[in-house]
Amino acid sequence: MATLKRHFETMARYNAWANQRLYAAVEPLPDEDYRRPCGAFFGSVEGTLNHLLVTDRIWLRRLAGQGDTGYALDTLLFTDFTRLQQARIEEDAGIVAFVLGLSDAALATRVAYRRVSTPEPQLQRVDAGLAHWFNHQTHHRGQVHTQLTQLTGQAPALDLLVYQRQHGD
């Protein structure tokens with residue numbers, strides 16, 4: 001029988017898989033295209049990929065009860081793509097390990113935090129935070145997918161269904 005924990009384990013592994021595919025498609029972009037403003041909320045492919053890493057670090061710390069990162073949502077952690085890609089691989093491994101380490105009971109616990117964009121305190125269940133986190137990742141990967149399509153005319157399939165068919169997950 002599938003459980004909510006199993007669902008989030010699948011989402012963590014899917015997230016790492018989708019990021020790997022997306023980064024592989026971004027890697028050959030010329031630097032000027034990588035940094036070109038494409039009309040997305042965080043501007044360029046570079047800005048959007050950095051935003052995803054920033055928010056993944058924010059949410060991992062929140063859900064692990066480790067406090068704030070101090071990052072702004074538009075922080076460019078890495079302007080070098082190779083360093084960003086390596087940080088992404090490491091972050092995805094950390095996300096998978098974190099989610100695999102959660103117990104069913106931990107999903108129902110609450111974490112307290114402050115939003116980056118507004119100072120009011122928040123109290124949220126871990127499972128609701130995970131649902132938002134994985135949805136947020138998919139949303140912004142979709143923006144990079146669109147940017148790649150605009151810049152190159154092609155982008156990789158990132159559908160959860162493709163992942164599930166390949167991995168039986």
Worksheet item: Rounded, prolate or oblate: which fits the range 34-107 when a ≥ b ≥ c are the square roots of the eigenvalues of the alpha-carbon gyration tensor, with rounded for a/c under 1.5 and prolate only if a/b beats b/c?
Response: prolate
Worksheet entry | Potential extension, residue 97-residue 68 segment - 0.36 nm per residue separation minus Cα distance | 8.5 nm
Discussion item. Taking θ = phi - 60°, what integer Hz values does the Karplus form 6.51 cos²θ - 1.76 cosθ + 1.60 yield along the range 72-79, in sequence order, with x for Gly and Pro?
Written reply: 7, 5, 9, 4, 8, 5, 9, 8
Practice prompt. Mind giving me the nanometre distance, one decimal, between the label points for residue 106 and residue 41, set 7 Å out from Cα along Cα→Cβ?
Written response: 2.8 nm
Worksheet item: Based on the mean of other beta carbon atoms within 10 Å per residue, what is the order of 118-131, 11-24, 58-71, most packed first?
Response: 11-24, 58-71, 118-131
Worksheet item: Between residue 136 and residue 31, what is the spin-label point distance in nm, taking each point 7 Å from the Cα along the Cα→C-beta axis?
Response: 3.1 nm
Item to complete: Note the angle between two axes, namely the Cα long axis of helix 4-26 and the longest principal axis of the Cα atoms of the chain, as a number of degrees from 0 to 90, rounded to the nearest 10.
Response: 10 degrees
Practice prompt. Enter the angle in degrees (range 0 to 90, nearest 10) between the Cα long axis of helix 81-101 and the first principal axis of the Cα atoms of the chain, meaning the one along which they spread out most.
Written response: 20 degrees
Worksheet item: Is the shape of the range 1-78 best called rounded, prolate or oblate, per the rule: a/c under 1.5 gives rounded, else a/b larger than b/c gives prolate, else oblate, with a ≥ b ≥ c the square roots of the Cα gyration tensor eigenvalues?
Response: oblate
Worksheet item: For residue 161 and residue 79 in one chain, what is 0.36 nm times their gap in residues minus the Cα-Cα distance, to one decimal in nm?
Response: 26.3 nm
Fill in: Calculated [θ] (222 nm, deg cm²/dmol) that DSSP helices of n ≥ 4 give over the chain, each run adding -39,500 (n - 2.57)
-21000 deg cm²/dmol
Worksheet item: In whole percent, how big is the carbon plus sulfur part of the accessible area of the chain, probe 1.4 Å, protein atoms only?
Response: 54 percent
Worksheet entry | Calculated log10 I(q)/I(0) by the Debye sum over Cα atoms at q = 0.16, 0.18 Å⁻¹ (choose from [x] -0.96, -1.18; [y] -0.89, -1.03; [z] -1.03, -1.33), label | [x]
Practice prompt. Using only Cα atoms, find the angle between the long axis of helix 45-63 and the longest principal axis of the chain, and express it within 0 to 90 degrees, rounded to the nearest 10.
Written response: 10 degrees
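The values are calculated or read from the model by the stated rules, or taken from the named source; none is laboratory data. Predicted model only: the values in this text are computed from it and were never measured. Neighbour counts are summed over all protein chains in view; Cβ atoms, including those assigned to glycine, are modelled from backbone coordinates with ideal geometry. These area figures cover heavy atoms from the full protein model, side chains too; ligands, DNA and RNA do not enter into them. Shrake-Rupley method; radii C 1.70, N 1.55, O 1.52, S 1.80 Å.
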